[in-house]
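Take a look at the structure set out below.
None of the figures in this text is laboratory data; all of them are computed from the coordinates on show. The model shown is predicted, which means the values in this text are computed figures rather than measured ones. Please note: Cβ atoms are built from the backbone with ideal geometry, for glycine as well, and neighbour counts cover all protein chains shown.
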Amino acid sequence: MSNAVITDKGPSTLRGASLPKWSPYAIAAGSVALGLGISAAAGLSSSIQWALIAGLLFVLGTYVIAARVEGRRQAKDRVATALVWVAFLLAVVPLVSLVWSTISRGVKVLDFYFLTHSMGLVADSEPGGGIYHAILGSLEQVALATVIAAPIGVLTAIYLVEYGRGKLAKAVTFFVDVMTGIPSIVAGLFILSIMLMFDMQPFGFAGSLALAILMMPVVVRSTEEMLKLVPNELREASLALGVPKWRTILKVVLPTSLGGITTGIMLAIARIAGETAPVLLLVWGNSLINANPFEGAQQSLPLYIYQQYANSAGAGAAYDRAWAASLTLIAFVMILNLVARGIARWKAPKTGR
Amino acid sequence: MAKRIDVSGLTAYYGSHKAIEDISMTVEPRSVTAFIGPSGCGKSTFLRTLNRMHEVTSGGRVEGKVLLDDEDLYGQGIDPVSVRREVGMVFQRPNPFPTMSIFDNVAAGLRLNGSYKKSELSDVVEKSLKGANLWNEVKDRLNKPGSGLSGGQQQRLCIARAIAVEPKVLLMDEPCSALDPISTLAIEDLIGELKERFTIVIVTHNMQQAARVSDRTAFFNLAAVGQPGKLIEIDETERIFSNPSVQATEDYISGRFG
């Protein structure tokens, strides 16, 4: 009678006590209230202080409450979750605050006139003027840098992943690593020393060269990672069809990783679009429109921001223009990122049925 | 179109490691030859030496001769790319090109080699897909991505891709090991049809499969881990599975080895 009906089942060993679903929110609200209370009582005025106290209380409170109700293992799990949330908020707060202050100060003078006019003969202390010359300069310099750095970077990565064996490949990898660490001012000085040798005046393309030096290692690194992600089986499948290696790379490997490579290049562009130091040395800055990157000083957005801010002492107009230009630069980089994401999604290998 | 393969004294290395040693055998045209043996005994390595895919792996090199209808694949001036056009290959895991549609996958071999007439392309694709018993399942969605098919369909797509370039020999490296029994049956039936046109060599871990599909079976073994793999014997499949001449073969087939 082994399968006789068991009448006395006893409590389930699989189900323990658990906190209700809303408990994390309640604990969070409680710790924020307590944090505010403590700061008020202690007379702390900074909002950072009460937020840190609240964060600490949230983690501690979660552990204590969960340990009492659910047991220690679940308590540890909940603490880990709580820590992740607190860390996330700590990381997001500066970002949101930065975006907020740029937008709130930048919109003051940002309008169509501002985007379509140069500084011309407007003095730094006067209101008016715009950033058309800076946008134009930035676009030209960054585009030229990309035209130089992207092909070299992608081809280098192809060499390293598909062909590179032995000492040469190791040396290339090493120097790419070294290049990643070059401070932007050093890249600028390098080009400047060449310019001085030939007794040249500042011009936009010199800045592009320095930016290309900064961009190249980033492109190599990201493209290398993307090419490594392409499964070896695809290469073998293509080779086994009697396709030569170079065509395999061109028609199978590159299309498969195109989305990732484009994203990498776009991010590299976003990185150099904000460089000020080499542009300051090599392009010099110009308050007039100069559409020719190969002759004469040009302007660029980051440099414009720096110069307006540096010259703003006492002049609210220049200060406002600097913020408006910052907002434009952030928008420019964000649009680039969105485009990169769009291309990555559009070109990603399709899985639809 | 099918060609005979004559291997004599073939030894293959990965760097300094000798993977297979002194293998000689003949593969008849329009027949199916199965390779069986324990993991790591060099079946796949040997298969890959037959279309020079072995040297794609870094450090891979080969000594010995592989004659394809009296022409040495490792002779001087032989282009490995041309070898692979004559000796096609199907891999263990289905690997359709993820960026291409079903049509483009089958057409890939022709397109990427640049040697085709546009008007013939769709005929070749249809013929190859029919040859791989896949046409009826995909004819209405040739423009959909190949990676959207089921595993068994993907593998037949890969076979269609391989036969689209009209090879003389088709090498299959465990083509059914990632598939369910029904898809496996479909592939096995297909192998039976394909052997009318091609010389087929198949590596398999499934001895029933070897017994079902092959005309001749080769048994590979290695003395110990780290030792090179060797060909123990090759004979008619019936003889190998009923009355092999070497004791090791019988032990392996009946499940008593070591």
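Points worth noting:
- Using alpha-carbon coordinates, inclination of helix B:151-164 to the longest axis of chain B, degrees: 90 degrees
- Rounded to whole Hz, the Karplus (6.51, -1.76, 1.60) HN-Hα couplings of segment A:118-127, x for glycine and proline: 8, 6, x, 9, 6, 6, 4, 7, 8, x
- In degrees, nearest ten, helix B:102-113 long axis to first principal axis of chain B (Cα): 70 degrees
- If both residues of a DSSP beta bridge must be in the protein assembly as shown, then about 55% of such bridges are antiparallel.
- For residue B:60, the residues whose modelled amide H falls within less than 5 Å of its own, excluding neighbours fewer than 5 places apart on the same chain, are B:15.
- Couplings for segment A:318-326, taken from phi via the Karplus curve 6.51 cos²θ - 1.76 cosθ + 1.60 with θ = phi - 60°, read 5, 4, 4, 5, 4, 5, 5, 5, 4 Hz in order; Gly and Pro are left as x.
- Between 0 and 90 degrees, the angle of helix A:254-273 with respect to the longest Cα principal axis of chain A falls at about 70 degrees.
- Only Cα pairs under 8 Å and 6+ residues apart enter the sum, and on that basis the relative contact order of chain B stands at 27 percent.
- Candidate cross-link partners of residue B:117 among the lysines, defined by an alpha-carbon separation under 16 Å and a same-chain spacing of 8 or more, comprise B:127.
- Rounded to whole numbers, the Karplus 3J(HN,Hα) couplings from phi for segment A:66-74 are 5, 5, 6, 8, 9, x, 6, 5, 5 Hz, using 6.51 cos²θ - 1.76 cosθ + 1.60 with θ = phi - 60°, and x at Gly and Pro.
- Within chain A, the longest run free of chymotrypsin sites (Phe, Trp or Tyr not before Pro) that sit in a DSSP loop with at most 12 other Cβ atoms within 10 Å is A:23-197.
- Shielding by partners, peptide B:93-103 (average Cβ within 10 angstrom, other chains): 5
- Normalised alpha carbon radius of gyration of segment A:23-104 [divisor 2.2 N^0.38 Å]: 1.24
- Entries of B:168/B:195; B:3/B:195; A:347/B:130; A:167/A:251; A:228/A:347 with Cα pairs more than 20 Å apart: A:347/B:130; A:167/A:251
- Close amide-amide hydrogen proximity is noted between residue B:233 and B:219, each under 5 Å apart and 5 or more residues distant or on a separate chain (H modeled in the peptide plane; Pro and chain starts excluded).
- Helix content alone sets the calculated 222 nm mean residue ellipticity of chain A: runs of n ≥ 4 DSSP H residues at -39500 (n - 2.57) each, divided across all residues, give -23500 deg cm²/dmol.
- For the protein assembly as shown, the equivalent ellipsoid built from the Cα gyration tensor has semi-axes of 61, 39, 22 Å, listed from largest to smallest.
- For segment A:116-347, convex hull volume per residue from C-alpha positions, Å³: 133 Å³
- Along its first, second and third principal axes, ordered by size, segment B:8-110 spans 43, 31, 29 Å in Cα coordinates.
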